[in-house]
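Working notes, structure below.
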Amino acid sequence: MYDASTLFAQLLNGLSYSSTLFLVASGLALIFGVTKIVNFAHGSFYMLGAYIALTVTNALPTTGFGFWGGVVIAALVVGAIGCLIEVTILRRIYQAPEVFQILVTFGLVLVFQNLIYEFWGPDEVLAPRVPGLKGAVTIFGERIPQYNIALIFVGPVFLGLLWWLTHRTRWGRLIRAATQDREMVASLGVNQKTLFTAVFFIGTFLAGLAGALQIPKESANLQMDINIVVEAFVIVVIGGMGSIMGAFLAAVLVGVINAFGVLFFPQAVSVLIFLVMVLVLVFRPNGLLGGRMVAQRPGDLSIDQPFRLPTRAMKQAMLAAVLALALLPLVLPLYFEVIMTEVFILAIFAGSLHFLLSVGGIVSFGHAAYFGLGSYAAALVATRLGLPMAAGVLAAMVAGAGGGLLFGWFCTRLKGVYLAMLTLAFAQILFTLSIQMVSVTGGDNGIVGLTRPSWLNSHMAYYYLALAAAVLATRLMRRALYAPFGFAFRAGRDSLARSAAIGIDTARIQWGAFVLSGAFAGLAGALMAYHRGSVFPTDFSVSTTVDALVMVLVGGVQSVSGPLIGALSYHFVSVELIRNLADYWRLILGLFIIVFVLGVPQGIVGAFMNRFGKGER
Amino acid sequence: MKTTFLKAMAVSAMVLLSGGAGADSIKIGEMSSYSSSPQSTEAYRKGWQLAVEHINADGGVLGKTLEVVSRDDTGKPDAALRAAQELVTNENVVLLTGTYLSNVAVAVADFANTNKVFFLVGQPQSDTLIWEKGNRYTFRLFNSMHSQVTAMAQMAAKLPAKRWATIAPNYEYGQSAVKGFQEELKRLRPDVEFVNEQWPTLGKLEAGSTVQAMIAAEPDAVFNATFGADLAKFVREGNTRGLFEGREVYSILTGLPEYLEPLGDEAPEGWTVTGYPVEQIETPEHAAFRTAYEEAYGELPKVGSLIGYTEMLAIRAILEKAGSTETEALIAAARGVTFDTPIGPMAFRAQDHQSTFGFYIGKLAVVDGMGRMVDWQFYDGADFQPPDDLVKSLRPEEATK
């Protein structure tokens, strides 16, 4: 249906886009390969590169030298800032579990967003065209901008440079060695610190370069970071975490598929990339060129001690706490009643994540998927079928469990970061579908008008319902934790080989845990839907997942009561920050997350127990 | 660390408890996506702040000063709902206003409906707010998507072009813009066909391949609804690749200063756009507004500024007509209220709670290295509203009571 010249031009367009993707993704892959840091802030360095390049190229003469010089300077500055971040913050968390690293870098994302806004203001700025590359080249009758042609070569050039660096220099060999086995390299007397800092410099330099090269094509804007980072992760995962050649192949694959997708299925472009990722991971669980992940740090969230049954005193304390919460509405202003209701609902959600994360060591980075499935199921059952709330809640739990069943089937075949990224991909697919399938989901306007039964209409009634649900859900999840199923699940976390040896089918147990966790997340989604009276695509969004992760973390990863404490503290802090510090809340919240992870990695409950208590946390 | 955290909690608790209301003021609850979309909301905030100053300098409303309690809705419906709840129960505001994104407005409108609070929507343009999801507590200030695309389609129908390509971000705004344009154009010109539809994700347009795909479809004309960063990419790639050569382009929002400024001298000449030629509107009311704004902030107003400013004028008019701050009185007063704005008199329609906020359509040209609207004309929103029977069929019956 299209002639050859169009197809060829589209191939070139795809390759040009691939170059940008590759620069961002290769930096990410390099950093992950050596430091094992899952750098969610990589998009922020990209955005920073664009803004700095604007400022620098503005100051330099508008010549070819001015532009390219400015781009290189900007990338160097970004690399230097990357070094600074590595030395001051990231260096402290190399030994920490992945989820902590993801959270710290997410805190950095918030800080960067706020600071860039402060420095450069809200306006979008488009750089002038590049001197010497302003026009277009005509290839088989199709006009292609010269700059895009130039970009096509940037990717392979840097692939070559990186290859030369890693294969032909002593330093590069050290990088490759560290990618394979960090401890061994350290044992051989190599100074890891400088190595890591240097790698972080190169990685962020590449991100900054990609951002800087983008300014003649795209106006620098404050959404650039989020828009690129998920894509970059997808590429790194498709290529194989840590593999630069893999990142290149994946970038070309995604760039070209995207270009032809625009031609043939313009409606589906945004989910295409995720579908490619799912497909690749089903057939190659370690990505296209990723080797087996050797020597994973011993059980990522493995802990010094197993969960212990609560002592009598603890049980009494918990009962007292529940009683106190039950009496609270009598003295609480209405607004707090509403916030507390949300805290209970979020505690269920965080609890379901906690179950996968702490008990099973599974980083579910797309946990919002089940929350959203629950909220949408409840909303659809209520508004489309006109069924009562109980049916909606049931449908939500079934939907959440169904999500767990489906995604768990894929995810339990993978490990570590791959698993985390695949869960993220599923959540992103649902997020995109919920926005685009307007006839079913109402698009980004969501579904509104859910009404509660009349006996639940008052805030107080709903408060008690949420409290009861939270207590019941916590109780049930705790029951599962101490059941043979829970022990088997924990065994899989602590040692795959040993649990296999005693006949535990780890994958199946984990699959079951996905279903259970999905059902409870779905319940939380339904309760939130009826609390708000509405559901929205944001229920599926990354930030919903991150919020839950932060809650688990703030409460304490190793504490059964952590989710509730975490939900309580984090929800209050973030809500109050947003309310009182309209222009700086992201900065403060980001710093809060960073400082918290660095300072109190065991969470509030953990810190409390370390000091005062024994028994169940 | 723990003590710092406890301190933080204590501070926030104190802040929470100290929100007392001044007796001589009328409190308005306002929210918008200040942190997530500063490009458009900063000017909006400046606009309403200026209006509040002006109103209070004029003696306030109903003998009291107007006080605005502002919140960041963070671009998320759930945060907006929390803010709405807090504004109503904690701050005792008499009404809610603002919001930037349509989905946030839909959520707050639903809140207003269940909690019986008056809500004046500020910037969002989605028509669902006044149609399918309309309710009797919700009014909308800015012009509707429907009015703009209808006017555009009527102009487009006079062109010889038969083959159209469209490009719009893939969410409700873009989809309803394209649908509205297509329906009106097809109604007037059954011979028109739409040969290519592009639906990039907002903010993620891969312009090179998308423009190429549009060229390959060989359209006679193009309808565009992208804006912001996507628009800049689209324009630059389209210019270089020749998508716009010999083709008419009809484009909504492109003439707004927010989106025109970043394009600089690459503003696409000859496009027919909706916008806000702020530097050229010389009516005395508008010139006064522009001057006051420039004196206060040292820059020209954007359309967000105009909306923010008008929003507070509308609220004053409603409050004064109602003579009270009771919700029912506000609804009764708002239906049919008329008031003066920098761009002329405006009213809220009783049948769908939509204002008659007008819009400007013109051609783009580059003057002194900057994009400018030329040959523009003002279209009164009152003339481009859907017929009453259609409104009636679209709005829930509850909303009309």
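Entry remark, the stretch A:188-200: residues being surrounded by fewer than 20 Cβ atoms within 10 Å (Cβ to Cβ), closer than 16 Å to A:Leu28 by Cα and in contact with a helix residue (DSSP H, G or I) (Cβ under 6 Å, 6 or more places away or on another chain) number 1 in total. On inspection, B:Glu311 passes the criterion of being within 17 Å of B:Thr138 (Cα to Cα), of a type in the set (Asp, Glu) and touching a residue at least 12 places away in the same chain (Cβ under 8 Å).
Given the stretch B:315-401, what strands (runs of 3 or more DSSP E) lie entirely inside it while holding 3 or more residues that are within 22 Å of the chain's Cα centre (by Cα) and aromatic (Phe, Trp, Tyr)?
Qualifying strands (runs of 3 or more DSSP E): B:370-379.
May I ask you to verify whether B:Ala161 is in contact (Cβ under 8 Å) with a residue 40 or more places away in the chain, more than 21 Å from B:Gly381 (Cα to Cα) and buried (at least 22 other Cβ atoms within 10 Å of the Cβ)?
So B:Ala161 fails the test.
Against the conditions (1) touching a strand residue (DSSP E or B) at 6+ places or on another chain (Cβ under 9 Å); (2) open to solvent by 10 Å² or more (accessible area, probe 1.4 Å); (3) within 13 Å of chain A (Cβ to nearest Cβ), B:Val94 satisfies every one except (3). Where helices (runs of 4 or more DSSP H) fall wholly inside the stretch A:119-199, the ranges with 3 or more residues that are within 14 Å of chain B (Cβ to nearest Cβ) are A:146-168. Between A:Leu346, A:Leu279, the distinction of being within 14 Å of chain B (Cβ to nearest Cβ) and modelled with pLDDT of 85 or more belongs to A:Leu346 only. In the set (1) closer than 28 Å to B:Pro345 by Cβ; (2) touching a Leu at 6+ places or on another chain (Cβ under 8 Å); (3) open to solvent by 10 Å² or more (accessible area, probe 1.4 Å); (4) within 14 Å of another protein chain (Cβ to nearest Cβ), B:Val68 fails one condition alone, (2). Scanning the stretch B:22-44 for residues that are more than 9 Å from every other protein chain (Cβ to nearest Cβ) and touching a helix residue (DSSP H, G or I) at 6+ places or on another chain (Cβ under 8 Å) yields a total of 8.
Of the residues A:Ala473, A:Ala529, only one is more than 14 Å from every other protein chain (Cβ to nearest Cβ) and modelled with pLDDT of 85 or more; which?
Numbers: A:Ala529 fails: more than 14 Å from every other protein chain (Cβ to nearest Cβ).
Exactly one residue qualifies, and that residue is A:Ala473.
If you go through the stretch A:543-556 one residue at a time, do you hit one that is of a type in the set (S, T, N, Q), in contact with a strand residue (DSSP E or B) (Cβ under 6 Å, 6 or more places away or on another chain) and within 14 Å of chain B (Cβ to nearest Cβ)? Checking the stretch A:543-556: not a single residue is of a type in the set (S, T, N, Q), in contact with a strand residue (DSSP E or B) (Cβ under 6 Å, 6 or more places away or on another chain) and within 14 Å of chain B (Cβ to nearest Cβ). Taking the stretch B:153-179 as the range and being in a helix (DSSP H, G or I) and of a type outside the set (A, V, I, L, M) as the test, the residues that pass are B:Gln154, B:Glu172, B:Tyr173, B:Gly174, B:Gln175, B:Ser176, B:Lys179. The combined condition, being buried (at least 24 other Cβ atoms within 10 Å of the Cβ) and in contact with an Asp or Glu (Cβ under 8 Å, 6 or more places away or on another chain), is fulfilled by B:Val104.
Tallying residues that are β-branched (Val, Ile, Thr) and surrounded by fewer than 19 Cβ atoms within 10 Å (Cβ to Cβ) within the stretch A:123-151 yields 4.
Screening the candidates B:Ile215, B:Ile281 for the property of being facing another protein chain (nearest Cβ under 8 Å) and at pLDDT 90 or above yields one hit, B:Ile215. Of everything in the stretch B:190-208 that is facing chain A (nearest Cβ under 10 Å) and part of a loop (DSSP other than H, G, I, E, B), the residue that is surrounded by the most Cβ atoms within 10 Å (Cβ to Cβ) is B:Leu205. Inspect all residues belonging to the stretch B:222-230 and state whether any of them is in contact with an Asp or Glu (Cβ under 8 Å, 6 or more places away or on another chain), of a type in the set (A, V, I, L, M, F, W, C), surrounded by 20 or more Cβ atoms within 10 Å (Cβ to Cβ) and at pLDDT 95 or above. Checked the stretch B:222-230: at least one residue is in contact with an Asp or Glu (Cβ under 8 Å, 6 or more places away or on another chain), of a type in the set (A, V, I, L, M, F, W, C), surrounded by 20 or more Cβ atoms within 10 Å (Cβ to Cβ) and at pLDDT 95 or above. The numbered conditions (1) farther than 25 Å from B:Arg395 by Cβ; (2) free of Cβ contacts under 8 Å to residues at least 60 places away in the same chain; (3) out of contact with any Asp or Glu (no Cβ under 9 Å at 6 or more places or on another chain); (4) away from chain A (no Cβ under 14 Å) are all true for B:Arg187 except (1). Among the residues of the stretch B:149-159, is any over 26 Å from B:Gln123 (Cβ atoms), more than 27 Å from the chain's Cα centre (by Cα) and more than 10 Å from chain A (Cβ to nearest Cβ)? Checked against the condition, which is being over 26 Å from B:Gln123 (Cβ atoms), more than 27 Å from the chain's Cα centre (by Cα) and more than 10 Å from chain A (Cβ to nearest Cβ), the stretch B:149-159 yields at least one hit. Criterion applied to B:Thr74, B:Thr150, B:Thr128 was being open to solvent by 10 Å² or more (accessible area, probe 1.4 Å), assigned to a helix (DSSP H, G or I) and at pLDDT below 90, and the one residue passing it is B:Thr128.
From the set of residues in the stretch A:69-91 that are free of Cβ contacts under 8 Å to residues at least 60 places away in the same chain and over 27 Å from the mean Cα position of the chain (by Cα), which is surrounded by the most Cβ atoms within 10 Å (Cβ to Cβ)? Can you show your working first?
Applying the first criterion (free of Cβ contacts under 8 Å to residues at least 60 places away in the same chain) to the stretch A:69-91 yields A:69, A:73, A:84, A:88.
Okay, now just the ones that are also over 27 Å from the mean Cα position of the chain (by Cα), so A:69, A:73.
Details: A:Gly69: 15, A:Ile73: 19.
Filtering first and then ranking leaves A:Ile73.
In the stretch B:114-125, the qualifying residues are those that are outside any strand (DSSP E or B) and within 16 Å of A:Gly533 (Cβ to Cβ), and the one that is nearest to the other protein chains (Cβ to nearest Cβ) is B:Thr114. Taken together, the residues in the stretch A:446-460 that are crowded, with 16+ Cβ neighbours inside 10 Å and either among the basic types (Lys, Arg) or free of Cβ contacts under 8 Å to residues at least 12 places away in the same chain (or both) amount to 1. The helices (runs of 4 or more DSSP H) located wholly in the stretch B:209-306 that include 3 or more residues which are within 25 Å of the chain's Cα centre (by Cα) and free of Cβ contacts under 8 Å to residues at least 12 places away in the same chain occupy B:284-297. Within the stretch A:410-422, residues that are without any contact (Cβ under 8 Å) to a residue 60 or more places away in the chain reach partners that are not in a helix (DSSP H, G or I) with beta carbons closer than 9 Å, at six or more positions or on different chains, in the pairs A:Leu419/A:Ile362; A:Leu419/A:Val363; A:Leu419/A:Ser364; A:Leu419/A:Phe365; A:Leu419/A:Thr412; A:Leu419/A:Arg413. Exactly one residue among B:Val104, B:Val192, B:Val121 is under 14 Å from the mean Cα position of the chain (by Cα) and free of Cβ contacts under 8 Å to residues at least 40 places away in the same chain, and that residue is B:Val121. Being open to solvent by less than 10 Å² (accessible area, probe 1.4 Å), among the hydrophobic types (A, V, I, L, M, F, W, C) and assigned to a helix (DSSP H, G or I) is a description that applies to A:Ala207. Would you pick out the residues in the stretch A:437-447 that are under 19 Å from B:Lys76 (Cβ atoms), modelled with pLDDT under 85 and outside any helix (DSSP H, G or I)? Within the stretch A:437-447, just A:Gly442 meets the criteria.
The values are calculated or read from the model by the stated rules, or taken from the named source; none is laboratory data. As the structure is a prediction and not an experimental result, all values here were calculated from the model. Positions of Cβ are generated from backbone atoms using ideal geometry, with glycine treated the same way; all protein chains shown enter the neighbour counts. Ligands, DNA and RNA are excluded from the accessible area calculation, which covers all protein heavy atoms including side chains. Shrake-Rupley method; radii C 1.70, N 1.55, O 1.52, S 1.80 Å.
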